[in-house]
Amino acid sequence: MTAAPVAAAGAASSGPALRPGPPLWLLLELTYRCPLHCVFCYNPTDFAASGPELGTDDWLRVLKEARALGSVQLGLSGGEPLARDDLEPIVAEAHRLGFYTNLITSGVGLNETRIRALKDAGLDHIQLSFQDSTRQMNDFLSSTRTFDLKSKVAALIKQHDYPMVLNVVLHRLNIDHVEEILEMADRMGADYVELANTQFYGWAWHNRQQLMPSRAQVEHAEEVTRRFRERQGRPMRIFFVVPDYFEKRPKACMNGLGSIFLTVTPDGTALPCHAARMLPGLQFPNVKT
Amino acid sequence: MSAGALHGSSRPSIGHGFRLQWEAAQNAYVLLFPEGMIKLNGSAGEIMKRCTGQATLAEITADLERTFATSGLSADVIAFVEMARAKLWLSVPA
């Protein structure tokens, strides 16, 4: 899927649609460290060979430079961004610069003290991941006992009046539980639910034989989602992200590489898509050089 | 969630979880929310920046008509506010 726009860019660089736009959406992958070990992770399988993580000052400089380029939506992700003990000052600087700040987290490490400090720093929103609707499946798919903790974190997020997005990555082993997942999200008071079919990069690509759903499973899940939308009582936006392999045609990666999205990896590599490092023959710049 | 009809005395404000701000790089007002952004056109931006929760709909309309030296905007403003309320961009206390 990522190959198509690259080829197109080489073929017709004069087209107005291919002119790079401001990186409206900036994703900082602050660290590859993560307490979870999800089989569908999109991080590179060789992340252990990645260079040292950027320091606080470098991240603050990246924020300032990106904001000057027009970045406005900021994702703080990883790995688990809470593994960085400078997350609060990073959020504070981002808020000061005028970013809308999104924390994308497994919830591990999000206690009362930190959620309060993040609120004070100006954090706008928290996206919490679940792996499934039951303790057994969540804990199996993340190789950790984290379901109860995540449930507590969901309550904490609501208690501190953050908008809450629940994100569940779908694949063959949990896609048949979409109804239960939506009911769980509703119970927890989610404002948005992302049913995000696995993007087959990194670890997910490595594990694709186990993760790829059947077409019948995908169609069933879409139908269940449609029915749930019809009968839901409270406002909860549901996004069903169709897996690339079941679309009729490949879509432009990130709406066209370089058009709206920029990600910076833990070691400072600037990429047009999370998984661009997998593309053969391309060299990407580093924010430190 | 969809409240009653709008009145001249309604006081719309930016919806919970949304943030309105001017973005110089886009030369537009944008509405920010979790992981998303709506770029507002000129008219929408001018209406929404006046939805402070303090001003009434009648005052907002009068201010727009004064600013742009025109009249008869009331129906357009109401139509926009109705649409924005349905999308939760605006909240309008009863």
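Only one of (1) modelled with pLDDT of 80 or more; (2) closer than 14 Å to residue A:263 by Cβ fails for residue A:2. Which number is that?
Residue A:2 satisfies all of (1) modelled with pLDDT of 80 or more; (2) closer than 14 Å to residue A:263 by Cβ except (1).
Pick out the one residue from A:69, A:74 that is crowded, with 16+ Cβ neighbours inside 10 Å, under 25 Å from residue B:18 (Cα atoms) and among the aliphatic types (A, V, I, L, M).
Residue meeting the stated conditions: A:74.
Taking the criterion of being buried (at least 16 other Cβ atoms within 10 Å of the Cβ), among the basic types (Lys, Arg) and in contact (Cβ under 8 Å) with a residue 12 or more places away in the chain, would at least one residue in segment A:121-144 satisfy it?
No: segment A:121-144 contains no residue that is buried (at least 16 other Cβ atoms within 10 Å of the Cβ), among the basic types (Lys, Arg) and in contact (Cβ under 8 Å) with a residue 12 or more places away in the chain.
How about segment A:152-168: which of its residues are closer than 19 Å to residue A:122 by Cα and of a type in the set (Lys, Arg)?
A:158
Could you check segment A:48-87 and list, in sequence order, the residues that are more than 14 Å from chain B (Cβ to nearest Cβ), of a type in the set (A, V, I, L, M, F, W, C) and without any contact (Cβ under 8 Å) to a residue 24 or more places away in the chain?
A:48, A:49
Here are some residues: A:225, A:265. Which one is farther than 20 Å from residue A:38 by Cβ, within 23 Å of the chain's Cα centre (by Cα) and polar (S, T, N, Q)?
Being farther than 20 Å from residue A:38 by Cβ, within 23 Å of the chain's Cα centre (by Cα) and polar (S, T, N, Q) holds for just one of A:225, A:265, which is A:225.
Those residues that are among the small types (Gly, Ala, Ser) and surrounded by 15 or more Cβ atoms within 10 Å (Cβ to Cβ), I need them from segment A:215-248; list them, please.
Hit for segment A:215-248 is A:221, nothing else.
Looking at (1) modelled with pLDDT under 95; (2) out of contact with any Lys or Arg (no Cβ under 6 Å at 6 or more places or on another chain); (3) of a type outside the set (Lys, Arg), which is the only condition residue A:102 fails?
Here residue A:102 meets the rest and fails (1).
To keep it simple, each residue is scored yes or no on (1) free of Cβ contacts under 8 Å to residues at least 60 places away in the same chain; (2) assigned to a strand (DSSP E or B); (3) among the aliphatic types (A, V, I, L, M).
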position	(1), (2), (3)
A:194	no, yes, no
A:204	no, no, yes
A:209	yes, no, no
A:213	yes, no, no
A:219	yes, no, no
A:224	yes, no, yes
A:228	yes, no, no
A:257	no, no, yes
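Could you tell me whether any residue of segment A:66-83 is among the hydrophobic types (A, V, I, L, M, F, W, C), under 21 Å from the mean Cα position of the chain (by Cα) and modelled with pLDDT under 95?
The answer is no, given that none of the residues of segment A:66-83 is among the hydrophobic types (A, V, I, L, M, F, W, C), under 21 Å from the mean Cα position of the chain (by Cα) and modelled with pLDDT under 95.
Here are some residues: B:74, B:91. Which one is over 30 Å from residue A:102 (Cβ atoms), surrounded by 15 or more Cβ atoms within 10 Å (Cβ to Cβ) and out of contact with any Lys or Arg (no Cβ under 6 Å at 6 or more places or on another chain)?
Exactly one residue qualifies, and that residue is B:74.
Any residue that is of a type outside the set (A, V, I, L, M) and closer than 13 Å to residue A:38 by Cα - is there at least one of those in segment A:153-172? Give the steps one after another, and end with the answer.
Residues of segment A:153-172 that are of a type outside the set (A, V, I, L, M), as a first pass: A:158-163, A:167, A:171-172.
Adding the requirement that they be closer than 13 Å to residue A:38 by Cα leaves A:171.
Yes, because at least one residue in segment A:153-172 is of a type outside the set (A, V, I, L, M) and closer than 13 Å to residue A:38 by Cα.
Could you tell me whether any residue of segment B:48-60 is of a type in the set (Lys, Arg), within 30 Å of residue A:64 (Cβ to Cβ) and free of Cβ contacts under 8 Å to residues at least 40 places away in the same chain?
Yes, some residue in segment B:48-60 is of a type in the set (Lys, Arg), within 30 Å of residue A:64 (Cβ to Cβ) and free of Cβ contacts under 8 Å to residues at least 40 places away in the same chain.
Every residue, every condition in (1) at pLDDT below 95; (2) touching a Gly at 6+ places or on another chain (Cβ under 8 Å), yes or no:
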| site | (1), (2) |
| --- | --- |
| A:12 | yes, no |
| A:15 | yes, no |
| A:19 | yes, no |
| A:25 | no, yes |
| A:28 | no, yes |
| A:36 | yes, no |
| A:41 | yes, yes |
| A:57 | no, no |
| A:63 | no, no |
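Within segment A:80-99, identify whether any single residue is of a type in the set (Asp, Glu), out of contact with any Pro (no Cβ under 8 Å at 6 or more places or on another chain) and farther than 19 Å from residue A:122 by Cβ, and answer yes or no.
No: zero hits.
The values are calculated or read from the model by the stated rules, or taken from the named source; none is laboratory data. All figures in this text were calculated on a predicted structure; none of them were measured in a lab. Note that each Cβ is placed from the backbone with ideal geometry, even for glycine, and that neighbours are counted across all protein chains shown.
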